[in-house]
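Engineer: Sending over a structure as structure tokens; questions will come in a sec.
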Amino acid sequence: MVGGVVTKVGSLDSNKTGSWRSFRPVIDREKCIGCGLCKKFCPDVCIEIKDKKAEVDYDYCKGCLICKSVCPVQAISSEEEEK
Amino acid sequence: MVKKIAEGSHAVAEVVRLLNPDVLAMYPITPSTHIPERLSDFESDGELDGTIIRVDSEFSAMSALVGASATGVRTYTATSSQGLALMHEVLFVASAMRLPIVITVVNRALSAPLNIFNDWQDSISERDSGWIQMYGEDSQEVADLMVQAYRIAEDKRVLLPVMVCMDGFFLSHTYDVIDVPEDLKGFVPPYKPEHAYLDPKRPQTQGAWAMQEPYFELRKELEEAVGAALPVIKEVHDEFAKVFGRSYGGGAIDVYGEGDTVVVSMGSVCTNLKVLADRLGFQVVRVRCYRPFPAEDVKKALEGKKAVAVFEKDVAYGTGHGALYNDVRACTTGKAVNFIVGLGGLDVPINALEKMCGEIDAMNDGETRWQR
């Protein structure tokens, strides 16, 4: 591994960066209108819209909560992670 | 080979053209300007195969070379002073990513006050960047060092970036009789990296984030790699001497003359010191390879000597000495003194050097004198 070159493909599968999270975004499925704004703003591509509702991939969500601040209907709240 | 009268910078540019780098990033700065200028001439005349990128700063120049070298091609740039300082951040990236980038540093003083003339503060300030640093005594040696630099940098046992340093104006802007090789006689084979290159069949991540443990290990590996380059530097020097018929001591240091007193220095000031060595009967140890520092060679050269005097054009601020002195000091328990000379291009005439050499006996161990 001269110079730290990584040739192993797909190391992201085993390196679940969601463990870095201090706060987790929680979607209120009743309030969510499925507009997809949170998905567009998520810097880690961790939000999918399924059946017109937002769903978070907690394996990789680092808890930046940008989704919470851009949600137009305040459907996203946050909870502190317990370690 | 054809001997011709050439400006130092132009000799470097001609050799670089022969070395055929694929990507050259250029942001001219005094006194390195004549190198990119001449390379641009070659490009306009269709004599340069590589691509010149006209970048918007030296930070961009080094960044462009890191990107290019990471794809697995040969790269080049030249810079001086503030330009090298602006590259600082990226220099550490290049060395730790083990990218064999070669640059010519045309040594110039750092601001402030603004000054365009020669001293070594620019490259000396990058001594801990993990780059190999070689200093040439005359333009012939600098041109030859360029050839050796690519062989060293791209050697599978090394894989490190190299700075070839030449004194600004004294070498870069003066004309000399220079043997510019017409072909490289296969001395520098094409760069074919096995560690870092762009190939969809072998996807890879370079310059990745690393947690504490791998970071620590990679930094330790870098230090080991810089140290391990020393025997390769000597080997390449010796082989170059066989192929091209020019030798510079032994690759790491160049020992000249005989005497109980040893004068240590680097670069073009050594020519006058060698003249004085003949006249006054001392020995000159010229450090060719400053990083990795050839401590064992210097130790051996200083063994049993009466005194050592280090002449240098830089200051390791806060230590009371120059950086070269501090390195040499660690190689001897005997008397060692330091002369800081030529900062900001202050002339170092031979009669001033002679006067300083005459002061060595009366100086105390560890004393530093500033030439004015």
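The values are calculated or read from the model by the stated rules, or taken from the named source; none is laboratory data. Note that the structure is predicted; figures quoted are calculated from it, not measured. Every residue, glycine among them, receives a Cβ derived from its backbone with ideal geometry; neighbour counts consider all protein chains shown.
Engineer: All but one of (1) buried (at least 19 other Cβ atoms within 10 Å of the Cβ); (2) in contact with a Pro (Cβ under 6 Å, 6 or more places away or on another chain); (3) away from every other protein chain (no Cβ under 14 Å) hold for B:Gly227, so report the exception by its number.
Structural biologist: (1)
Engineer: What is the number of the single condition among (1) within 14 Å of chain A (Cβ to nearest Cβ); (2) not in a helix (DSSP H, G or I) that B:Gln133 does not meet?
Structural biologist: Among (1) within 14 Å of chain A (Cβ to nearest Cβ); (2) not in a helix (DSSP H, G or I), B:Gln133 violates only (1).
Okay, residues lined up against (1) over 28 Å from B:Gly345 (Cα atoms); (2) surrounded by fewer than 17 Cβ atoms within 10 Å (Cβ to Cβ):
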{"position": "B:Phe170", "(1), (2)": "no, no"}
{"position": "B:Pro181", "(1), (2)": "yes, no"}
{"position": "B:Pro189", "(1), (2)": "yes, yes"}
{"position": "B:Asp199", "(1), (2)": "yes, yes"}
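Engineer: Can you tell me which of (1) away from every other protein chain (no Cβ under 14 Å); (2) surrounded by 18 or more Cβ atoms within 10 Å (Cβ to Cβ); (3) within 25 Å of B:Tyr135 (Cα to Cα) is the one B:Leu99 doesn't meet?
Structural biologist: Going through the list (1) away from every other protein chain (no Cβ under 14 Å); (2) surrounded by 18 or more Cβ atoms within 10 Å (Cβ to Cβ); (3) within 25 Å of B:Tyr135 (Cα to Cα), B:Leu99 breaks only (1).
Engineer: List pairs: first residue in segment B:20-46 and more than 16 Å from B:Gly83 (Cβ to Cβ), second residue part of a helix (DSSP H, G or I) and not β-branched (Val, Ile, Thr) anywhere in the structure, Cβ distance under 6 angstrom, at least six positions apart or on different chains.
Structural biologist: B:Val23/B:Ala68; B:Arg38/B:His10; B:Arg38/B:Ala13; B:Phe42/B:Arg17
Engineer: Sticking with this structure for a sec: Condition test on B:Phe282, is it in contact with a strand residue (DSSP E or B) (Cβ under 8 Å, 6 or more places away or on another chain) and either under 21 Å from B:Ala96 (Cβ atoms) or not assigned by TED's automatic domain parsing to the domain that holds B:Val142 (or both)?
Structural biologist: For B:Phe282, the condition - in contact with a strand residue (DSSP E or B) (Cβ under 8 Å, 6 or more places away or on another chain) and either under 21 Å from B:Ala96 (Cβ atoms) or not assigned by TED's automatic domain parsing to the domain that holds B:Val142 (or both) - is met.
Engineer: Using the structure shown, decide if A:Asp59 is more than 14 Å from chain B (Cβ to nearest Cβ) and over 14 Å from the mean Cα position of the chain (by Cα).
Structural biologist: Spelling it out, it is not the case that A:Asp59 is more than 14 Å from chain B (Cβ to nearest Cβ) and over 14 Å from the mean Cα position of the chain (by Cα).
Engineer: Could you check, for segment B:125-132, whether at least one of its residues is assigned by TED's automatic domain parsing to the domain that holds B:Glu223, among the aromatic types (Phe, Trp, Tyr) and surrounded by 19 or more Cβ atoms within 10 Å (Cβ to Cβ)?
Structural biologist: Checked segment B:125-132: at least one residue is assigned by TED's automatic domain parsing to the domain that holds B:Glu223, among the aromatic types (Phe, Trp, Tyr) and surrounded by 19 or more Cβ atoms within 10 Å (Cβ to Cβ).
Listed here are the residues, each with its yes/no results for (1) closer than 30 Å to B:Val93 by Cβ; (2) in contact with a helix residue (DSSP H, G or I) (Cβ under 6 Å, 6 or more places away or on another chain).
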| site | (1), (2) |
| --- | --- |
| B:Tyr215 | yes, no |
| B:Val263 | no, yes |
| B:Val275 | no, no |
| B:Asp278 | no, no |
| B:Ala301 | no, no |
| B:Ala309 | no, yes |
| B:Gly322 | yes, no |
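Engineer: Still on this structure, please answer the following. Cβ contacts < 9 Å: first residue within 14 Å of another protein chain (Cβ to nearest Cβ), restricted to segment A:5-23; second residue surrounded by 12 or more Cβ atoms within 10 Å (Cβ to Cβ) and part of a strand (DSSP E or B), any location; separation 6+ or different chain. Result?
Structural biologist: Taking only residues 6 or more apart or on different chains, the pairs are A:Val5/B:Thr205; A:Val6/B:Thr205; A:Thr7/B:Thr205; A:Lys8/B:Thr205; A:Ser11/B:Thr205.
Engineer: Out of B:Ala153, B:Ala210, report the one residue that is within 14 Å of chain A (Cβ to nearest Cβ), without any contact (Cβ under 8 Å) to a residue 24 or more places away in the chain and not aromatic (Phe, Trp, Tyr).
Structural biologist: Only one candidate qualifies: B:Ala210.
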